[in-house]
Amino acid sequence: MEELFCIGCGVKIQSEDKEAAGYTPRSSIVKAEETGELYCQRCFRLRHYNEIVDVHITDDEFLKLLHEVGDSQALVVNVVDIFDFNGSIIPGLSRFVAGNDILLVGNKKDVLPKSVKDGKVTQWLTERAHEEGLRPVDVILTSAQNHYAIKELINRIDELRCGRDAYVVGVTNVGKSTLINAIIKEITGDKDIITTSRFPGTTLDKIEIPLDDGSYIFDTPGIIHRHQMAHYLSAKDLKYVSPKKEIKPKTYQLNPEQTLFLGGLARFDFVQGEKQGFTAYFDNNLKLHRTKLAGAEAFYDKHIGNLLTPPDAKEIAEFPQLVRHEFTITEKTDVVLSGLGWIRVNGQAKIAAWAPEGVNVVIRKAII
């Protein structure tokens, strides 16, 4: 029997194991022979009902794909999330891609305040990439959701690949498949061929997009970055870590020994320093609450699940404990909670950021 593949996520179709990747009822396969559109049940349910069906992909399979990229003579199109740069870097990518050229694509440009200039963001991304050992040949800013700069991206890929294949790589939830969909639509006019969602880990196998010169653009699965906030949230709460609209920064004048709660997901303590403004960059729907540091732990225990949400009351039992990370800041700095957002510290301060166990907290040069 001819091997069949899902046109949504690229996984091999099978009708034997309902729990395994690629499961599709035989009746759907027969119907697809007429329509020419064959989706696995997972993609079908995601597209039509916004339901996710978990399928386990091993780290070894992701590593195998990265090695395949490194063994190819190709252009590597590395998509990162501008909103969550630190959480969207693939660990060790420079090692895997060997001598291949890298085009760095900063997606979700539309989420940053409009006042932020493209040139400044591009320079900032270049500096951060260099810190990670990456030397991109160029940096392009896009918004896959709004089709911003898609034509420019296609032209740049074509210029830089010099007749070679192009591999699009990125961690989960950076908007990579949405970007590929935008590229396909621009090239062919087809809409929403690849399954997209807010859920980490949607593309299950390499998807080939043929180009006129016989080369391909390969869309690869999102590499799972286990230190992102998204991996600790329920499906309904993922909206708080995937902003779809321009962020409206909120500035709080804090005295030492004051605390900001970021819903019930995280916390920021101003431990020591002169009174100053701290600017919060998070999804507009995330409720922030200011209180005194002295009683912050008791306040959290009392109000988690009601005043401080998400998580809601039903989700508290499954939500990890918050872990404290302390920093001494000497210049304008972003304190980043991976996948959730960041707080800009403007001057000298001793601060502590609390995040769920397993979620990275880092400091970096301020982006804004």
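Dipole of the stretch 250-365, Cα-centred, from +1 at each Lys and Arg C-beta and -1 at each Asp and Glu C-beta, to the nearest 20 debye?
Taking the Cα centre of the stretch 250-365 as origin, the dipole is about 380 debye.
Could you pull the Cα extents of the stretch 247-289 along its three principal axes, largest to smallest, in whole Å?
Extents along the principal axes: 29, 20, 10 Å.
I need the Debye-formula profile for the stretch 74-116: one equal scatterer per C-alpha, no solvent, reported as log10 I(q)/I(0) at q = 0.21 1/Å, two decimals.
-0.72
Taking only the C-alpha atoms, wrap a convex hull around the stretch 59-225 and report its volume per residue in Å³ as a whole number.
Residue-normalised Cα hull volume stands at 104 Å³.
Could you state the per residue volume, in Å³, of the convex hull enclosing the Cα atoms of the chain?
141
Check which residues have an amide H placed less than 5 Å from T203's amide H, if you skip close sequence neighbours.
G222
With a cut-off of at most 11 other beta carbons within 10 Å, and DSSP calling the residue loop, which trypsin sites (Lys or Arg not before Pro) in the stretch 231-268 qualify? Please list them.
Answer in residue order: K245.
Put +1 on the Cβ of every Lys and Arg and -1 on every Asp and Glu Cβ in the stretch 59-189; which of L153, I89, L66 then has its Cα farthest towards the positive end of the dipole?
L153
How long are the semi-axes of the equivalent ellipsoid of the stretch 1-53, taking √(5λ) for every eigenvalue λ of the Cα gyration tensor, in whole Å from largest down?
So the equivalent ellipsoid measures 16, 13, 10 Å along its semi-axes.
Angle, helix 150-161 long axis vs. longest principal axis of the chain, Cα atoms, 0 to 90°, nearest 10?
70
Would you order R45, R344, R161 from fewest to most other beta-carbon atoms within 10 Å of each residue's own beta-carbon?
With the fewest neighbours first, R45, R344, R161 line up as R45, R344, R161.
Measuring from the lowest to the highest alpha carbon on each principal axis, how far does the stretch 1-151 reach, largest first, in angstroms?
53, 36, 26
Tell me, in nm to one decimal, what length is gained between I316 and T328 on full extension, where the rule is 0.36 nm per residue of separation less the Cα-Cα distance?
That pair, I316 and T328, stretches by 1.2 nm at full extension.
How many Å³ per residue does the convex hull of the Cα positions in the stretch 300-368 occupy?
Once divided by residue count, the hull of the stretch 300-368 is 101 Å³.
Can you sort C6, C43, C162 by how many other beta carbons sit within 10 Å, fewest first?
Arranged by neighbour count, lowest to highest, C6, C43, C162 become C162, C43, C6.
Compute the separation of the alpha-carbon centres of the stretch 217-287 and the stretch 128-191 and state it in Å as a whole number.
26
Could you give the size of the charge dipole of the chain about its Cα centre, using +1 on the Cβ of each K and R and -1 on the Cβ of each D and E, expressed in debye and rounded to the nearest 20?
That gives a dipole near 1740 debye.
Any chance you could run the full-extension gain for E2 through T279? It's 0.36 nm times the residue separation minus the Cα-Cα distance, nm to one decimal.
Gain on stretching E2 to T279: 94.0 nm.
Where Rh is the Kirkwood radius over the Cα pairs of the stretch 203-335, the temperature 4 °C and the viscosity 1.567 mPa s, what D in µm²/s does Stokes-Einstein return?
74
Every read-out reported here was derived from the displayed coordinates using simple, explicitly stated rules and does not represent laboratory data. Model, not experiment: these values are computed from the prediction. Because the Cβ atoms are built from the backbone with ideal geometry, glycine has one as well, and the counts that use them run over all protein chains shown.
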